[in-house]
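Here's the structure we're looking at; comments come further down.
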Amino acid sequence: PKVNVKVINNLTDESIIIDPFEFMKSYSVVKDEMMRLSMAIESGREYEVDDDKDPIKMLFDNTFQLGTTTIFPEYLIYGLSTDDDEENQDIKNISAPYNNVGKLQVVWNPLEGPDAEFDEDYMPEIDDPSDLIGKPWTYKLKIGSCAALPIIVDECQILYTFNGQEFSTDKLMEQSTHNPEFTYEMVHHVDCVDQEFLDYLMKPFEIDIHCSPKVMGMKTKVSTANKTVVDNLKAGVMVSGGGGGGGGGGSADAGELEQLRAKVKELEAENAALREENAALKGGRVVGGLEEAKALDKSLNQ
């Protein structure tokens, strides 16, 4: 199985799945910024983390595959349209527990040819799958609403492969919604159906939903002017990775602490098997990064 890293935003209880390489890139930037903050505090200088290097933005503002809708297209052999009650299909989470994370509207309609308009009265005479061999096959695929997603998306795009060719919708930008709306239409045509294409239509067909979450701006900056940041960095373990901290930070506001927890990251592999795979991946650098991330989180939130 492919190894991924789960990033959780405690403020919104939203989570995304990112590639370990993307995590390591973002984490290294966050770690560098925490070091610069520590050095500025020790030398009495002012320092403010740039907005584009904010921990939440670095680790949570990523495009990822939210889920997959699986269609069983065998009915397309017989020239049937998608039933009204079958238009909205479940979107399944790509990671455990593989639960439903929304609905995707998918409609297939048969056409007499690649340039024809949809005629609801048109239905090719196909009684047996073998009747389609040697004949042309044309359908229009429509993708509409992507509803009830578990996160507010800023960007969203649909990708799929049909008969060996990759297709995608336009990327929806600046959405700020749980329900992005697509107006995608694509005509799929086969000049002469063979047994290989028939076999293809008898297998499950997957449509992938990729999105980027809407990252809300924080009320306070990560800087030396932020008392909670300063208190926790002074009291906790140095971000370079040392021993235990000396407590402190008890006077910090609870809301500020929640912001800091969300900014750092609570990252873990989905299960022990993924941890073992991470240990082998790139010489164990991902696991090392996760452990350092946990230490950094501890230093900021004691």
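Within region 119-156, restricting attention to residues that are open to solvent by less than 10 Å² (accessible area, probe 1.4 Å) and part of a loop (DSSP other than H, G, I, E, B), the residue that is farthest from Thr63 (Cα to Cα) is Leu149.
Could you grab me the full set of residues in region 15-45 that are open to solvent by 20 Å² or more (accessible area, probe 1.4 Å), under 23 Å from Lys221 (Cβ atoms) and of a type in the set (Asp, Glu)? If the condition is that a residue be open to solvent by 20 Å² or more (accessible area, probe 1.4 Å), under 23 Å from Lys221 (Cβ atoms) and of a type in the set (Asp, Glu), then Asp32, Glu42 are the ones that fit. Quick check, is Thr70 modelled with pLDDT of 95 or more and of a type in the set (Ser, Thr, Tyr)? Yes.
Pick out the one residue from Glu155, Glu174 that is closer than 21 Å to Asn9 by Cβ, of a type in the set (Asp, Glu) and within 15 Å of the chain's Cα centre (by Cα).
Selected residue: Glu155, the only one of Glu155, Glu174 that is closer than 21 Å to Asn9 by Cβ, of a type in the set (Asp, Glu) and within 15 Å of the chain's Cα centre (by Cα).
Residue pairs whose Cβ atoms lie under 6 Å apart, sitting 6 or more positions apart in sequence or on different chains, and linking a residue in region 104-127 that is farther than 18 Å from Glu87 by Cα and in contact (Cβ under 8 Å) with a residue 24 or more places away in the chain to a partner that is open to solvent by less than 70 Å² (accessible area, probe 1.4 Å) and in a loop (DSSP other than H, G, I, E, B), are Glu112/Tyr122; Met123/Gly79; Pro124/Gly79; Ile126/Gly79. Applying the criterion of at least 1 residues that are open to solvent by less than 40 Å² (accessible area, probe 1.4 Å) and at pLDDT below 90 to the strands (runs of 3 or more DSSP E) found wholly in region 157-239 leaves an empty list.
Count of region 39-74 residues, restricted to those that are free of Cβ contacts under 8 Å to residues at least 12 places away in the same chain and either of a type outside the set (Asp, Glu) or closer than 30 Å to Lys203 by Cα (or both), is 3. Taking the criterion of being in a loop (DSSP other than H, G, I, E, B) and either free of Cβ contacts under 8 Å to residues at least 60 places away in the same chain or farther than 18 Å from Ile94 by Cα (or both), the residues of region 1-38 that qualify are Lys2, Asn10, Leu11, Thr12, Asp13, Asp19. In summary, Ile77 fulfils each of the numbered conditions (1) in contact with a helix residue (DSSP H, G or I) (Cβ under 7 Å, 6 or more places away or on another chain); (2) over 30 Å from Asp131 (Cα atoms) with the single exception of condition (2).
The values are calculated or read from the model by the stated rules, or taken from the named source; none is laboratory data. Bear in mind the structure is a predicted one, so any value in this text is a computation, not a measurement. Cβ coordinates were reconstructed from backbone atoms using ideal geometry, including for glycine residues, and neighbour counts include every protein chain displayed. Quick note on the areas: whole protein, heavy atoms, side chains included, nothing else; ligands and nucleic acids left out. Shrake-Rupley method; radii C 1.70, N 1.55, O 1.52, S 1.80 Å.
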